[in-house]
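Before any comments, here is the structure.
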There are 2 protein chains.
Amino acid sequence: MFEHVKALVFDVFGTVVDWREGIAREAGPFLARLGRADIDAHAFADAWRARYQPAMEEIRSGRRGFTRLDTLHRENLEQVLQAHGIAPAQIGEAALDELNHAWHRLDPWPEAVAGLTRLKRRFIIAPLSNGNIALMTNMAKRAGIPWDAILGAEVAQAYKPDPPAYLRTAEVLGIRPAELCLVAAHNGDLKAARAAGLATAFVPRPAEHGPGQRKDLEAEEAWDVVARDFQDLAHRLGV
Amino acid sequence: MFEHVKALVFDVFGTVVDWREGIAREAGPFLARLGRADIDAHAFADAWRARYQPAMEEIRSGRRGFTRLDTLHRENLEQVLQAHGIAPAQIGEAALDELNHAWHRLDPWPEAVAGLTRLKRRFIIAPLSNGNIALMTNMAKRAGIPWDAILGAEVAQAYKPDPPAYLRTAEVLGIRPAELCLVAAHNGDLKAARAAGLATAFVPRPAEHGPGQRKDLEAEEAWDVVARDFQDLAHRLGV
């Protein structure tokens, strides 16, 4: 299976790492230091993440030039603080940057690093995330994620699900789109990858959005591979 | 030492890998198959490499838009074949591409991977090469070079020694130029890196150009570190 595929690229937020727990873990103490322990840390993480797609849409639409995700996350952080009645100016740049870098310190799902280490034996493995190079590099360094390269939106200068995000990733690897497979926990991402000619692998992450998750619990199309987790993906791909 | 340095970036051709032997190893059989065993494989490698800087100069000067090194290498290969009286059209695209990818299959100097593995414990390590992403990724995969990220000219969209090649590399890592150190076997590369504000480390590779090498045998400025090889560099940086 997948004889023609040379590289696997991965969605990261949600697919490789648990962003909600990682952000809540750092937002909780941050809010407590501000005397705002009344704000639920997981709800704060959700509110921060809710501003992710609209911020990228400014760039996808062409209304704004390409801007790396660290900058968008920082702007969104100020907005979500203001929405909770907290003035960012009172916090100070260093503390805001520190919390913003919580996105660099997210933990992988339990089996992810072991699964990636197996998959790396046969395939080039790299992130195809909307996260920027520094974010992905620092995350991998801390968590021991054994990427062969750091690819994604900043290299492609385009945010998923815009087609160039997928096509330029194949191009910089020197391979055809059909030789590249996107692994993701999100049907929408896979749909865009398939439309661009990539192979597709779905791995559900039913806890990404916490206990009440309703979307992306199952494959919504006949993706090329559907696996339980990255270990199962390695098994299905024969490595 | 180097308390402020967060990432080490490496020149690759000559500093990490032995391009001359690697190219000669594949050019020899290639030329023999063409009935041209009279051409010395090392001289062929040198002639191919001699067209490297002039090709990039077209881009640095602004006469040509950014073009990745695989493409320049391929154009240069056709030129060097023609200069030896061989018509590229007679060879076929597949065989030309195959030899062109010899640049993806260069071997590291004997201690390089072990030294990099030590350095990786403390620093982010990445190539800052004029080689493109696919070239660097395939080379690292084959040789087991444990880069944390693949950076360099294609990410910066600028060829060394142009300042943006160094400055944008620091920028994508989210660090100041002074927090980035270039490791190189070439005084000219280090001179440009220092002018851009980077820290500098010199590691001589006296066999890069074969037995008659006369340049870059010694440090020509007081670089921040001068080491015998990558193991010695790890020792001097306390890792």
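Could you give me the residue pairs with C-beta distances under 6 Å whose first residue belongs to the stretch A:18-43 and is closer than 16 Å to A:His73 by Cα, whose second residue is acidic (Asp, Glu) wherever it lies, and which are 6+ apart or on separate chains?
Note: pairs meeting the criteria are A:Gly22/A:Asp107.
What residue, of A:Ala193, A:Ala222, is assigned to a loop (DSSP other than H, G, I, E, B) and without any contact (Cβ under 8 Å) to a residue 40 or more places away in the chain?
Just one listed residue meets the conditions, A:Ala222.
Just the residues that are touching a strand residue (DSSP E or B) at 6+ places or on another chain (Cβ under 6 Å) and under 23 Å from B:Phe66 (Cα atoms), please, taken from the stretch B:113-130.
Within the stretch B:113-130, B:Ala126, B:Pro127, B:Leu128, B:Ser129 meet the criteria.
Could you tell me how many of the residues in the stretch B:18-34 are farther than 22 Å from B:Gln213 by Cβ and open to solvent by 30 Å² or more (accessible area, probe 1.4 Å)?
Filtering the stretch B:18-34 down to residues farther than 22 Å from B:Gln213 by Cβ leaves B:29-34.
The next check asks that each one be open to solvent by 30 Å² or more (accessible area, probe 1.4 Å); those that pass are B:29, B:32-34.
The total comes to 4.
Among the listed residues B:Ala143, B:Ala37, B:Ala112, B:Ala45, identify the single one that is surrounded by fewer than 20 Cβ atoms within 10 Å (Cβ to Cβ) and away from every other protein chain (no Cβ under 14 Å).
On the way: B:Ala143 fails: away from every other protein chain (no Cβ under 14 Å); B:Ala112 fails: surrounded by fewer than 20 Cβ atoms within 10 Å (Cβ to Cβ); B:Ala45 fails: surrounded by fewer than 20 Cβ atoms within 10 Å (Cβ to Cβ).
The unique qualifying residue is B:Ala37.
In the stretch B:53-69, which residue that is within 14 Å of another protein chain (Cβ to nearest Cβ) and open to solvent by 30 Å² or more (accessible area, probe 1.4 Å) is nearest to the chain's Cα centre (by Cα)? Walk me through it before giving the result.
First pass over the stretch B:53-69, keeping only residues within 14 Å of another protein chain (Cβ to nearest Cβ): B:66-69.
In the following step, the residues that additionally are open to solvent by 30 Å² or more (accessible area, probe 1.4 Å) were identified as B:66, B:68.
Working: B:Phe66: 18, B:Arg68: 13 Å.
Only one residue fits best here, namely B:Arg68.
Looking for whichever is within 14 Å of chain A (Cβ to nearest Cβ), aliphatic (A, V, I, L, M) and closer than 14 Å to B:Val9 by Cβ here; the options are B:Leu180, B:Leu190. Which one fits?
Values: B:Leu190 fails: within 14 Å of chain A (Cβ to nearest Cβ).
Of B:Leu180, B:Leu190, the one residue that is within 14 Å of chain A (Cβ to nearest Cβ), aliphatic (A, V, I, L, M) and closer than 14 Å to B:Val9 by Cβ is B:Leu180.
For residues that are in contact (Cβ under 8 Å) with a residue 24 or more places away in the chain and more than 14 Å from every other protein chain (Cβ to nearest Cβ), tally how many sit in the stretch A:78-101.
8
Residue by residue through the stretch B:222-234, note down the ones that are surrounded by 19 or more Cβ atoms within 10 Å (Cβ to Cβ) and more than 17 Å from B:Asp18 (Cβ to Cβ).
Once the filter is applied, which keeps residues that are surrounded by 19 or more Cβ atoms within 10 Å (Cβ to Cβ) and more than 17 Å from B:Asp18 (Cβ to Cβ), the stretch B:222-234 yields B:Trp223, B:Val225, B:Ala227, B:Leu233, B:Ala234.
Can you find a residue that is over 16 Å from B:Asp11 (Cβ atoms) and among the charged types (D, E, K, R) anywhere in the stretch B:226-233?
yes
Within the stretch A:120-147, can you find the residues that are touching a residue at least 60 places away in the same chain (Cβ under 8 Å), of a type outside the set (A, V, I, L, M) and in contact with a helix residue (DSSP H, G or I) (Cβ under 9 Å, 6 or more places away or on another chain)?
A:Arg121, A:Arg122, A:Pro127, A:Ser129, A:Asn130, A:Gly131, A:Asn132, listed by residue number.
Counting only residues that are surrounded by fewer than 24 Cβ atoms within 10 Å (Cβ to Cβ) and within 15 Å of A:Leu233 (Cβ to Cβ), which one in the stretch A:182-200 is nearest to the chain's Cα centre (by Cα)?
Per the stated criteria, the residue is A:Ala185.
Would you mention how many residues in the stretch A:148-171 are over 19 Å from B:Ile175 (Cα atoms), open to solvent by 10 Å² or more (accessible area, probe 1.4 Å) and within 10 Å of chain B (Cβ to nearest Cβ)?
3
Residue check: is A:Leu128 more than 14 Å from chain B (Cβ to nearest Cβ) and buried (at least 17 other Cβ atoms within 10 Å of the Cβ)?
Details: more than 14 Å from chain B (Cβ to nearest Cβ): no; buried (at least 17 other Cβ atoms within 10 Å of the Cβ): yes.
Considered against the rule, which asks whether it is more than 14 Å from chain B (Cβ to nearest Cβ) and buried (at least 17 other Cβ atoms within 10 Å of the Cβ), A:Leu128 comes out as no.
Among the listed residues B:Ile145, B:Ile150, identify the single one that is under 16 Å from the mean Cα position of the chain (by Cα) and farther than 23 Å from B:Ala227 by Cβ.
B:Ile150
Could you say whether any residue in the stretch B:207-221 is closer than 19 Å to B:Ile150 by Cβ, out of contact with any helix residue (DSSP H, G or I) (no Cβ under 7 Å at 6 or more places or on another chain) and surrounded by fewer than 22 Cβ atoms within 10 Å (Cβ to Cβ)? Please lay out each step first, then the result.
Let us first name the residues in the stretch B:207-221 that are closer than 19 Å to B:Ile150 by Cβ, namely none.
No, the conditions are met nowhere in the stretch B:207-221.
The values are calculated or read from the model by the stated rules, or taken from the named source; none is laboratory data. Just so you know, these numbers come straight off a predicted model, no measurement behind them. Heads up, the Cβs are rebuilt from the backbone with ideal geometry, glycines too, and the neighbour counts pull from every protein chain shown. Side chains included, ligands, DNA and RNA excluded: accessible areas come from the protein's heavy atoms. Shrake-Rupley method; radii C 1.70, N 1.55, O 1.52, S 1.80 Å.
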